[in-house]
Amino acid sequence: MRSLNLDQLRTFLEVVERGSFSAAARRLNLTQPAVSLQIRELERRFKVRLIERLGKQAHATAPGRVLVEAAQRIFHECDLVDATMRRFCEGWIGRVRVGTTLSSMIYRLPPILNRVRLDHPGIDLVVTNAPTQNSVENVVQNRVDLALVNLPVEERRLKITPLCPEQLVAIFPIGTRGIPDEITPDYVARQALLVEHPSSAAHPLVLGWLSAAQEPPLREPMPWARSRR
């Protein structure tokens, strides 16, 4: 079946809306025979009668009424496409998908997103919270356009730009005595340690830092808790 002709659909809608071939011809700046030809071509394509005359009035048949609804949806989508392309033509960038860690989403992104919204109201931002390794994979698979993650990231297919340093701190219960001014791996190894989930980028960083301890930790780190940063 050949492609649907939008000009024929538009002519059909005009005939039904105005109830007249001649009125539709005037509206479309066509001759009445040209309008009649387009309707016949449309009926020949679908092999059904779309328009019937009752006196001087033209009305849609039962299949014609169904086509009217479908054509209206088609032209609505066409209008959306035109509007979207016009925004690109006028400098509207479009949708930007961002992956980020929970910490960045809570503490760093809100003022940045607010400024972007004020300066570039046409940008549609979609922010997704995910662990670093998931965000990296999402960028590789083109599921997001960019990601704010914790370094290091070893992925040669990506361009990686360090933005700002973050300091990991140790938090102890209130009343803990004898805490040194500088927290060392040896001191932490003698404590009960809670660290982020293995999927977090902080998890291997903490374990790598602990590997410098002369003695192993008192117990295996419990990965279900999250460190504060």
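The values are calculated or read from the model by the stated rules, or taken from the named source; none is laboratory data. Note that the coordinates shown come from a computational prediction; the quantities given were computed from them, not determined experimentally. Cβ atoms come from the backbone with ideal geometry, glycine included; neighbour counts cover every protein chain shown.
Odds and ends about this structure:
Listed here are the residues, each with its yes/no results for (1) within 42 Å of the chain's Cα centre (by Cα); (2) outside the structural domain of Asp79 (by TED's automatic domain parsing); (3) in contact (Cβ under 8 Å) with a residue 24 or more places away in the chain.
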| site | (1), (2), (3) |
| --- | --- |
| Thr11 | yes, no, yes |
| Arg26 | no, no, no |
| Gln32 | no, no, no |
| Ile39 | yes, no, yes |
| Glu43 | yes, no, no |
| Arg53 | no, no, no |
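- Test result for Thr84, touching a residue at least 12 places away in the same chain (Cβ under 8 Å), hydroxyl-bearing (Ser, Thr, Tyr) and either in a helix (DSSP H, G or I) or touching an Asp or Glu at 6+ places or on another chain (Cβ under 9 Å) (or both): no
- Per the conditions (1) in a loop (DSSP other than H, G, I, E, B); (2) free of Cβ contacts under 8 Å to residues at least 12 places away in the same chain; (3) closer than 20 Å to His197 by Cβ, the sole criterion not satisfied by Glu137 is (1).
- In the stretch 119-153, residue surrounded by the fewest Cβ atoms within 10 Å (Cβ to Cβ) [restricted to those that are at pLDDT below 85 and acidic (Asp, Glu)]: Asp119
- Residues that are touching a strand residue (DSSP E or B) at 6+ places or on another chain (Cβ under 7 Å) and farther than 20 Å from Cys78 by Cβ, drawn from the stretch 1-38: Gly19, Ser20, Phe21
- Put simply, of Lys47, Lys56 the only residue that is loosely packed, with under 13 Cβ neighbours inside 10 Å and within 24 Å of Ser3 (Cβ to Cβ) is Lys47.
- Flag for Val96 being in contact with an Asp or Glu (Cβ under 6 Å, 6 or more places away or on another chain), farther than 27 Å from Phe21 by Cβ and part of a helix (DSSP H, G or I): no
- On inspection, Arg108 does not qualify as in contact (Cβ under 8 Å) with a residue 40 or more places away in the chain, in a loop (DSSP other than H, G, I, E, B) and of a type outside the set (A, V, I, L, M, F, W, C).
- Number of residues in the stretch 90-106 that are under 22 Å from Thr132 (Cα atoms) and either of a type in the set (Asp, Glu) or surrounded by 12 or more Cβ atoms within 10 Å (Cβ to Cβ) (or both) equals 10.
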